[in-house]
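Structure first, commentary second.
No lab work stands behind these numbers, since they all come straight from the coordinates. Since the structure is predicted, the reported quantities are computational estimates derived from the model, not experimental observations. A quick note on method: Cβ atoms are made from the backbone with ideal geometry, for glycine too, and the neighbour counts reach across all protein chains shown.
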Amino acid sequence: MKFEIEFSGHENIRSNHQKTIEITKESHLTPQGDCIVGVNAKYSCADLPQDLKDKLKNPDSSVTFSIKVGNDEFIIKGKGHPDLLLTHTDDIVIRKSNFICPRTLAVNCDKASDLLPRSMVSLLQNPETIGTFTITIE
């Protein structure tokens with residue numbers, strides 16, 4: 001199963017958080033939002049299709065995330081979890097830890113926003129930049 005979410009860049013994207021990556025439906029971003037890699041996302045956790053949510057709640061699900069910007073692609077591997085809430089109406093957060101809240105989409109991810117290539121971060125600092133966040137579940 002594959003699901004794509006379009007988002008846009010923002011001048012305050014820093015992408016230097018060591019434990020999470022976030023995209024948000026919000027259009028405003030302060031420099032303190034250092035895990036956020038995209039704004040104006042078309043979907044939040046709450047908006048995802050139910051069959052996708054069901055697969056994300058399976059602890060045996062292997063989830064691959066792809067962030068594409070221009071010709072650059074960043075791949076993150078994570079896991080589903082039976083306790084995922086998937087109810088936040090603005091945000092999607094993937095985490096290296098096991099922490100679960102309404103914004104959490106996946107846990108035990110192998111990368112966070114600090115590893116996003118700086119060339120990609122530079123592109124994302126332009127509000128005109130469009131990116132794609134793809135969720136693939138096997």
Answer residue from region 26-42, given it is small (Gly, Ala, Ser) and more than 12 Å from the chain's Cα centre (by Cα) and is surrounded by the most Cβ atoms within 10 Å (Cβ to Cβ) among those: GLY33
How many of the residues making up region 66-120 are among the small types (Gly, Ala, Ser), in a strand (DSSP E or B) and farther than 19 Å from ILE130 by Cβ? 2
Subset tally (residues that are in a helix (DSSP H, G or I) and more than 13 Å from THR87 (Cβ to Cβ)) for region 29-53: 2
Going through region 4-18 in order, the residues found to be surrounded by 15 or more Cβ atoms within 10 Å (Cβ to Cβ) and more than 12 Å from the chain's Cα centre (by Cα) are SER8, GLY9, HIS10, ASN12, ILE13, ARG14, HIS17
Return the residues of region 31-47 that are in contact with a strand residue (DSSP E or B) (Cβ under 8 Å, 6 or more places away or on another chain) and either among the hydroxyl-bearing types (Ser, Thr, Tyr) or in contact (Cβ under 8 Å) with a residue 60 or more places away in the chain (or both); say none if nothing qualifies. CYS35, ILE36, VAL37, GLY38, ALA41, TYR43, SER44, CYS45
Selection status of ASP60, free of Cβ contacts under 8 Å to residues at least 24 places away in the same chain, part of a loop (DSSP other than H, G, I, E, B) and out of contact with any helix residue (DSSP H, G or I) (no Cβ under 7 Å at 6 or more places or on another chain): yes
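Here is a yes/no grid of residues against (1) in contact with a helix residue (DSSP H, G or I) (Cβ under 8 Å, 6 or more places away or on another chain); (2) of a type in the set (Gly, Ala, Ser):
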{"site": "ILE75", "(1), (2)": "no, no"}
{"site": "GLY80", "(1), (2)": "yes, yes"}
{"site": "THR89", "(1), (2)": "yes, no"}
{"site": "THR104", "(1), (2)": "yes, no"}
{"site": "VAL107", "(1), (2)": "no, no"}
{"site": "SER113", "(1), (2)": "no, yes"}
{"site": "SER119", "(1), (2)": "no, yes"}
{"site": "PRO127", "(1), (2)": "no, no"}
Suppose we filter region 71-96 for residues that are farther than 18 Å from GLU138 by Cα, among the β-branched types (Val, Ile, Thr) and in contact with a strand residue (DSSP E or B) (Cβ under 7 Å, 6 or more places away or on another chain); how many remain? 2
Name the residues in region 14-52 that are more than 23 Å from VAL107 (Cβ to Cβ), aliphatic (A, V, I, L, M) and in contact with a Ser or Thr (Cβ under 9 Å, 6 or more places away or on another chain), would you? VAL39
Among (1) under 19 Å from HIS28 (Cα atoms); (2) free of Cβ contacts under 8 Å to residues at least 12 places away in the same chain; (3) in contact with a strand residue (DSSP E or B) (Cβ under 9 Å, 6 or more places away or on another chain); (4) not aliphatic (A, V, I, L, M), where does PHE99 come up short? (1)
Being surrounded by fewer than 19 Cβ atoms within 10 Å (Cβ to Cβ), free of Cβ contacts under 8 Å to residues at least 60 places away in the same chain and touching a Lys or Arg at 6+ places or on another chain (Cβ under 6 Å) is the filter here; which residues of region 102-138 pass it? ASN108, ASP110
